Each structure stands twice: as C-alpha cells, then as structure tokens.
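Structure record follows, encoded as structure tokens.
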Amino acid sequence: MKRTMIIAAFFAMGLLVANSFAAAQDAPPTTSGGQVTLGLLGAGDISSSKFQEYREVPKGVSIPFMNLFSKSSTLDFNLVGYNVRQGDQRYMGWANLSWMDVAFDYNQIPHNMGNNAHMIWSETAPGVWSMSPTLRKTLADASELVPSASRTYDFYNALLTPTFNDANLIDLSSLRKRGDAEFDVSKALPFDLKFTYMREVKSGTRGQGGGDILGVVAPVVDVPEPLNDLIQDFGVRAAYNFNNKMGNVHAAFNRNLYNNRAETLVLDNPFRPADVVYTTTSVPGGPGSVRFTTAPDNEASTFTTGVLLKFAHQTRLTGDVAMASWTQNAQFYPYTINSVVLTPAGARADSTSSLQQQSFNGKINTTTLNFGFSSRPVEGLGLRMRYRSYELKNKTNRFVITGDLSPTPDRSWGAADAPSVDAPYGHPTALNYDTKSDRFDASVSYDVKALTLEGAYRYAKLTRTYREAASGKDNGYSFSALFHASDWLGFRGTYDELKRTASDYPSTTIGLMADEAERKTKRTGVDIELTPMDSLSFTFAYFRKNDDYPNRPGRVAGNLDTTSGLLFAKYDTYTGEFEFTPNERVELSAYYTYEKNLQTNRWTTLTNGAINNSLRYDGSDKTNTFGLNAVFHFVPEKWTCTLMARHQKVDGLMGVTANPSGSFYTSRATANPPGPQAITDWDDTELTTIGAQLDYAVAKAWTLGAGYMYEKYDYADAYTSGTTLMPFSVSVFMKADSGPYKANVVYTKLTVRF
C-alpha cells in the first residue's frame, strides 16, 4: 500500500506540473499569492500533560498559518496550512484542473494522556511488558509465605515500595493522522463521477490498559495499551442530473478496511515468575504472564442508491436505500497464555491447535431505507415528512462452545454451560443480536407575519432478539415558536416530550438496560435576543432535559427499590451573552453559562434471592463558565489590541447511600462516621485563561504582533489524583501526571501577504 500511495502522489504532482508548464507556454492571465505567519514563542516546562492534551505548544520559531494560491484558465490551486510541521498540523485545499478537480484535507491530532507514568515493567517488544524473573520470585515468595489475612494494604505497600522507587517513567500519548482526498472527473462526462479515499493511522498508546491477574495474589494493574491502527476507505459516487433540473438519481459504494496492528497486550505477573497450575492454596500457582486482546481486523462494504425529485412550491421527494455488510474473520487467540494448562484431551490450552474453531467468520448485514417529503404548498405553510427504517441481521454461524478457562483464580479448564432455550450456544454472550427500528416524523409550520409556529410528531417501533425487552415503541411530539419583531427582538421557545415503552420481556426479568427500558424524556428551551440599538445586543438562553426510567423491573419481583441502573437524569443550562460596539474602534463582548447536571444510579445485589446490597449513587456537577473579549483599534488598520479572559469551574459531588443491613454498610459500621460517605472530590476542575495581543501593520502586506497568555488548570479526583501508585490493595496504577499546572507563554508573530 505504501508503494501505491507514493505512485499516486507522483501521478498527482505530474498532473500539476504538466498543467503549470502548459500555462507558462500559453501565458494566460494568472493571479497568485499567499500569506505566511511566523511565530516566535517561549514557554516554561509544564509537567502536566493537560497543558498540551490535544495541541502542541512549540518553543522557538513556528508557522501557525500559511496560504498559497494560484488561479489561471487551466489551474485553480489553493493550499491552507495550520501549525506547519507541528504535532497538531493540518493542511487542506484543492487543485482544479481542466478535466479533473482534486480536494484534500490532512489533519493530525495528538492526544497526550499523561506524562511521567510510573512503570515497574519494561517494554521488551511492542505491547509486551516484562519484569525480572528474580524480582517476581522474590515478591511471590514474600507474599505466599504470609497468611492471606495478613496480606493487607500496609503489607503490600511495604513489599512493593522498593520496586516503586525504581520505576521507569513513560509518557502516555497517541497520534492520529487522517487524510481525505476526493477526485472529481465529471467535467468530461455526461454525469457526475467522484472517487474518494480516506486513510487514518493511529499510533502510540490507547492509554491505561490491563486489568485483573488472577492467582493466589490477584493484583489489578494498568500499563500502556498499544495503539497501531490503520483504517482505509475507498469510495466511488455517481449521479445523473435530469436535464430539466428536476432532480437526480445517485449511487455510491464504499469499502472500509480496519487493520489493528497491535492486537495484544502481554504483561508479566509481578507475583509469579513462571507458569504453574493452580491446585490448592497450599500449593499456589497461576500464570507467569497474562494476555489481553483488543479489537480484531474487520471490513465493511456499503452500497447506497437513491433519487431526488423537485417540483413546484419547493416540493421535494427523496428516497434512498443503503445496504452494508460487515465481516470479521480474524484468527482466534488460544484459550490462555499459561503454558501448563491442558484441555481434557491433553492438548496445551495455549496453542491454537486446541481451539474448536480457528476464526470467527462473523457477518452482519444492515439495510437502511429513507424517504422524505417537504413542500410549501401555500405562502407561509411548510410541510415535512420523513420515514426511516433500519434493520441489522447477524448472519454469523455460531457454534456450541464445549469448554474454556474458568474465571476463578485457578484459571483451570472447565466445561462450558450446557445449551438452553435462552442460551442455545452455551453462553448468553454468543447470541446473535438482531435489531430493527422504524421511525416516522412529521412537522407542520406556519408563518403569521413575524411569528412562526411549528408542531412535530415522532413515532418509532423497535424490535430486538435475545435482549430482555424484545420490543418497544418510542413516540413523542414537540412545539416551537419563533418570533422576530423588526430588528430589535428575537424569540424562540421549544417544548419536546418523548416516551419509550418496553414490551415482551419475561415476568422473571431482573432489570433492564437503560437503552431498552421504559423512558420519559422532556426537553424545554427558550432563546431571547435583544438588539435595542445597532451597537448593542443581548442574548439569553435556557435549556432543560429530564430523563426518567419508571416501571423498571427490580431484581426482586415487585420491589421497585431493587431496580438497578440509571434511574433518572436532569440537565439545566443557562447562558447569557452581550456584544457592544460603541464605535468603529472598540468591540466588547462577554458571556456566562451555568450548568447543573444530576444523575442517579442504583445497583442491587442478591444473596440466595434476598437483598444483600442496594447502593445508590447520586452524582451531580455544577459548572460556571464566563468569558470576556475586547478589541481596540487604536489607529484603524494600523494598531490593534486584542484582550480575552475565560474561566470555567466544575464542582462534582457523588453521594453514596446503602441499605443498613447490607454487607457494604456493615463493613463500615465501625468507621467514624459510619457507613458510606459522599465523595466530594468528584472530577472537580478549574481552568483560567488570560491573553493579550498587540498587532501593528508595518506596511500594507506586513503585520507584526506580540502577545502573552496565562493559563491555570486545577484538578481533584478521589481515584486518579495524587502520586500513590497503589491506592488500593493490590492495585498498581501508573499515576501519570495529568493534573494541575500554571503556564506563562510569551510570543511574537509576523504575517506577510504576497
């Protein structure tokens, strides 16, 4: 593929050079030019990755913006670049030739997730994290000789502290490179024909990976999870336009390929130097290494076709059908990485030869139908209707699983569950989940001078297989009013109500997932714009959304206090803005937003059919955001000063309550205070940014600028803040630095237009 891309690039360059040469020979009138901005920036070293989470703050000379263009009778070329040769660079533009048009967009986005993460492992190969066998044996011997009751947090902390002190430091970061190109060859054809190509490469790390390592000592660990993805999409689109401009027929085909070049994460067990079969606690064992897998390679093909018809009175009819096929047939990995575990037939369970089937051979087909109608039959009246049908069918050939490794600490071979009516393949997760939804929307609007009234109705029917609720309906309505009184008053108000039902689930069902449970949603919003004079304007907006999940079956029949999952959520947002331009030399604006979000979840566990724990989590956060902007043209088109300031503060709170008779509460009954306590540091963040810039137009094509930026970020979270690598027993975290920082940045820039 790399050689193909190089050939395509040289071919495109050859076209541009050839056309440029021909233009030089004919010497037609041309226009060309561009703009380049050079920057010189100085900033201190910031250890927190949050400062450059999705951006690069360069030191020294940089090119934050460039534009090159040339236009003649045979070539129209334009190139725009941002942050040239930086980690967050982007280039876009077009090259229109006499017989073909080319458009392109390349975007590169870094994601810095944490600096100086602590690693007690060393990466010996991509995605393979190793530890010294001698050290692992020392840790295993020290822990296995101690009774389990004595292996407390303090014990492990003392045991691992010397290892933590020798930890390596590593940055957690990834880089996404995405390029899109479109080739339009319609100029010499009686119909439109375009070819598209998209290529996206992701590299680095996905962030924290890992999980449980089961054995006598069962630590929870996290390490950098490898990321090396390649996504490609090849497409072709065609359309034939009717001669009377009454519409068109169109079709498209896309082939999408996903290649995961880092499918596994392997790490050594800190408490086991080699693979051992686990038998009893007196003869401990467990895996010497563990393997985690990520997404497998897969493909998708999509074909679409449709028609657009235009009639009088702005009447439009549209119809489209899209059919897609998703396939995945990657090689299965062995049952385990533990080399001493055997299947009942005596085969090594870490070998692919012991598998029942070598690959998944998965296939899913989807069909989407869209029909639309819109018209304005008489003045002021607008009609819209839309129908959409989506069907997903899982065509994978399943097989009955005979056995696998048990999830208990011994990780020994165990027979799979016998097939049943609800689980015909032995595992509920092996079922083919088919879905279908039909949705109809209709809306009517009418203009009464400056007032526009609109009403809408929505209806959807949902069906599912192998889900708790096999069917449901989703219907609702909305009203809105839009009013404009001359140029000084604008008003828009909306009300929206939606209700989803859940049907056809057994009376013995213990809970429904939030995506299938009964739900009531209400949305209200108002937006007011006041412009008492040309130089002054005010805007106020309010938005509320309520989600309730009533009548969800409890884990104990008839007891609604044992429902589990999301119970309700509420979101409120208030926004105010103003803009003031007293004269051509001064521009002022400010805004303020207040957000309040509430969510309630409950999780109930049972022991022998009776309630053990019923934990309720009431999460909330309040966000205040405000900003100021000012532009002063001291000397019009000569001296300009720009000022900005913004501040955002998020206060999070997680309230936790539990039934007093449950084990969770009683285990904390002797604490002071007793029982579970609210978590006050729940994703609390605060961000302040202040900037000032002065620009001087040295000449018509030269502008010199200088500026200063101050940024302060503060963060507190009960789980991820701090530097303790083992906040729980036994949980070994990397604790990368993505926390508070202060940054001072000074810069100058020179913009040249030519």
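Look at F271 and say whether it is modelled with pLDDT of 90 or more, on the phi < 0 side of the Ramachandran plot, of a type outside the set (D, E) and in contact with a strand residue (DSSP E or B) (Cβ under 6 Å, 6 or more places away or on another chain). No; evaluated as a whole, the condition is false for this residue. In the stretch 313-326 there is at least one residue that is touching a Phe, Trp or Tyr at 6+ places or on another chain (Cβ under 6 Å), part of a strand (DSSP E or B) and either without any contact (Cβ under 8 Å) to a residue 12 or more places away in the chain or under 19 Å from N394 (Cα atoms) (or both). Put simply, of A456, A418, A423 the only residue that is under 30 Å from K393 (Cβ atoms) and surrounded by 16 or more Cβ atoms within 10 Å (Cβ to Cβ) is A423.
If you go through the stretch 528-549 and keep only what is open to solvent by 50 Å² or more (accessible area, probe 1.4 Å) and more than 30 Å from G565 (Cα to Cα), you end up with I528, E529, L530, P532, M533, D534, F538, F540. A single entry from A442, A469 fulfils the requirement of being closer than 24 Å to Y505 by Cβ, open to solvent by less than 50 Å² (accessible area, probe 1.4 Å) and of a type in the set (G, A, S): A469. Considering the conditions (1) open to solvent by 80 Å² or more (accessible area, probe 1.4 Å); (2) of a type in the set (K, R); (3) in contact with a Ser or Thr (Cβ under 7 Å, 6 or more places away or on another chain), R585 is excluded by exactly one of them, (3). N659 - would you say it is under 30 Å from T604 (Cα atoms) and touching a helix residue (DSSP H, G or I) at 6+ places or on another chain (Cβ under 7 Å)? Here the answer is yes, as N659 does meet what is asked.
A517 fulfils the conditions (1) hydrophobic (A, V, I, L, M, F, W, C); (2) touching a residue at least 40 places away in the same chain (Cβ under 8 Å); (3) open to solvent by less than 60 Å² (accessible area, probe 1.4 Å); (4) closer than 30 Å to L451 by Cα except for a single criterion, (4). For the stretch 327-347, a residue qualifies if it is part of a strand (DSSP E or B) and of a type in the set (A, V, I, L, M), and exactly one does: L342.
Restricting S480, S486 to those that are buried (at least 16 other Cβ atoms within 10 Å of the Cβ), over 29 Å from the mean Cα position of the chain (by Cα) and closer than 30 Å to D534 by Cα reduces the list to S480. Contact map, the stretch 257-282: first residue closer than 13 Å to A125 by Cβ, second residue among the basic types (K, R) and at pLDDT 90 or above, Cβ cut-off under 8 Å, separation 6 or more or different chains; pairs are T264/R291; L265/R291; V266/R291; D268/R136.
Of all the listed residues (Y715, Y710), the sole one being assigned to a strand (DSSP E or B) and modelled with pLDDT under 90 is Y715. Applying the criterion of being open to solvent by 50 Å² or more (accessible area, probe 1.4 Å), in a loop (DSSP other than H, G, I, E, B) and not charged (D, E, K, R) to the residues of the stretch 378-406, the residue that is farthest from R348 (Cα to Cα) is V378. For the stretch 24-39, filtering for residues that are in contact with a strand residue (DSSP E or B) (Cβ under 9 Å, 6 or more places away or on another chain) and either at pLDDT below 80 or loosely packed, with under 11 Cβ neighbours inside 10 Å (or both) leaves 2.
Listed by position, the strands (runs of 3 or more DSSP E) enclosed by the stretch 40-121 that each have at least 1 residues that are open to solvent by 40 Å² or more (accessible area, probe 1.4 Å) and touching a residue at least 24 places away in the same chain (Cβ under 8 Å) are 60-71, 76-84, 101-119. Of the strands (runs of 3 or more DSSP E) lying entirely inside the stretch 559-667, the ones with 1 or more residues being more than 20 Å from K545 (Cβ to Cβ) and touching a Gly at 6+ places or on another chain (Cβ under 9 Å) are found at 586-607, 610-635, 639-658. Taken over the stretch 293-312, residues that are part of a loop (DSSP other than H, G, I, E, B), over 29 Å from F360 (Cα atoms) and within 31 Å of the chain's Cα centre (by Cα) amount to 0.
Any residue in the stretch 149-166 that's more than 12 Å from L139 (Cβ to Cβ) and acidic (D, E): show its pairings with residues that are modelled with pLDDT of 90 or more and open to solvent by less than 70 Å² (accessible area, probe 1.4 Å) at Cβ separation under 8 Å, as long as the two are six or more apart or on different chains. Between residues of the stretch 149-166 that are more than 12 Å from L139 (Cβ to Cβ) and acidic (D, E) and residues that are modelled with pLDDT of 90 or more and open to solvent by less than 70 Å² (accessible area, probe 1.4 Å), the close pairs are D166/I120. Restricting attention to the stretch 694-706 and to residues that are open to solvent by 40 Å² or more (accessible area, probe 1.4 Å) and part of a strand (DSSP E or B), the residue that is farthest from S661 (Cα to Cα) turns out to be A699. Within the stretch 199-255, the set of residues being out of contact with any Gly (no Cβ under 9 Å at 6 or more places or on another chain), of a type in the set (D, E, K, R) and not in a loop (DSSP other than H, G, I, E, B) comprises K202, R206, D212, D229, D233, R237. Taking the residues in the stretch 658-701 that are hydroxyl-bearing (S, T, Y) and modelled with pLDDT of 90 or more as candidates, determine which candidate is nearest to R616 (Cα to Cα). Looking at the filtered set, the residue picked out is T685. For the stretch 211-233, a residue qualifies if it is open to solvent by 30 Å² or more (accessible area, probe 1.4 Å) and within 30 Å of L405 (Cβ to Cβ), and the qualifying residues are D212, L214, V216, A218, V220, E225, N228.
Among the residues of the stretch 154-192, those that are assigned to a strand (DSSP E or B) and either surrounded by fewer than 16 Cβ atoms within 10 Å (Cβ to Cβ) or among the aromatic types (F, W, Y) (or both) comprise N168, L169, K177, F183.
Would you check which residues across the stretch 489-509 are surrounded by 14 or more Cβ atoms within 10 Å (Cβ to Cβ), touching a strand residue (DSSP E or B) at 6+ places or on another chain (Cβ under 8 Å) and not small (G, A, S) and list them? Of everything in the stretch 489-509, those that are surrounded by 14 or more Cβ atoms within 10 Å (Cβ to Cβ), touching a strand residue (DSSP E or B) at 6+ places or on another chain (Cβ under 8 Å) and not small (G, A, S) turn out to be L489, F491, R492, T494, Y495, D496, E497, L498, K499, R500, T501.
The values are calculated or read from the model by the stated rules, or taken from the named source; none is laboratory data. Predicted model only: the values in this text are computed from it and were never measured. Cβ atoms come from the backbone with ideal geometry, glycine included; neighbour counts cover every protein chain shown. Just so you know, the surface numbers come from the protein's heavy atoms only, side chains and all, with ligands and any DNA or RNA stripped out. Shrake-Rupley method; radii C 1.70, N 1.55, O 1.52, S 1.80 Å.
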